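Participant: This is the structure I have questions about; it appears just below.
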Amino acid sequence: MLKEESKAESMMKMMARFSGIMHSRRPFGDMPRAEFCVLNLLYDYKEKEEVTVGKIAGELEVSLSAASKLLHVLEEKGYIERACSREDRRVVLVSLSREGSVLIQDAREKGKELIERIIQKMGAEESDAFLSQLAMLLKILSQEVQVSQKENMMQAEKGDNRIYETDVKIS
């Protein structure tokens, strides 16, 4: 058995390596990751709700101007469409174009095929155990982030503006 400190270090290294491998596989070709994240976000929301520039900025944790620049690039590439809201012309709504939808569907299909190959290589018992452990990890991590965010808000309300932890976004 590893010591607790060694377990934490080992887990951090594995998570960093996992993240690096997943980012390096680039199912979206040479497209910058931020652009792909926007397309993925739009795909996820396409039938649930209208997506505004503000929503995208919030999800990506960037300024409105940075989100607008990113959307401009995606619009020029033909992956998204922008339109004014019928209720409030100041609100810009963003949606995937047909080409953007095809790109995301293709990338997701490739991702699904990769996961299916991994599950096959792991075997049923190991993959079930892994999924159970992953679900537990995500639940605990989500709880820890919520506690951290509450602590940060309480410190901010007290007028303490130091940053205690970086916020982690769980989607």
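The values are calculated or read from the model by the stated rules, or taken from the named source; none is laboratory data. Note that this is a predicted model, so its numbers are computed, not measured. Cβ atoms come from the backbone with ideal geometry, glycine included; neighbour counts cover every protein chain shown. Remember, those area values only see protein heavy atoms, side chains included, never the ligands or the DNA or RNA. Shrake-Rupley method; radii C 1.70, N 1.55, O 1.52, S 1.80 Å.
Participant: Residues being within 15 Å of the chain's Cα centre (by Cα), within 30 Å of residue 78 (Cβ to Cβ), in a helix (DSSP H, G or I) and at pLDDT below 90: count how many of those fall in the stretch 1-35.
Facilitator: Residues that pass the stated criteria total 5.
Participant: May I ask you to list the residues in the stretch 127-158 that are loosely packed, with under 12 Cβ neighbours inside 10 Å and either touching a strand residue (DSSP E or B) at 6+ places or on another chain (Cβ under 6 Å) or of a type in the set (D, E, K, R) (or both)?
Facilitator: Correct list: 139, 150, 157, 158.
Participant: Which members of the stretch 55-69 meet the condition of being under 14 Å from residue 93 (Cβ atoms) and either open to solvent by 40 Å² or more (accessible area, probe 1.4 Å) or not small (Gly, Ala, Ser) (or both)?
Facilitator: 55, 56, 68
Participant: Let me ask something else about it. Filtering the stretch 36-54 down to residues that are over 13 Å from the mean Cα position of the chain (by Cα) and open to solvent by 60 Å² or more (accessible area, probe 1.4 Å), which residue is modelled with the highest pLDDT?
Facilitator: 50
Participant: With respect to residue 103, determine if the residue is in contact with a strand residue (DSSP E or B) (Cβ under 7 Å, 6 or more places away or on another chain), under 15 Å from residue 39 (Cα atoms), at pLDDT below 95 and among the hydrophobic types (A, V, I, L, M, F, W, C).
Facilitator: No, not satisfied.
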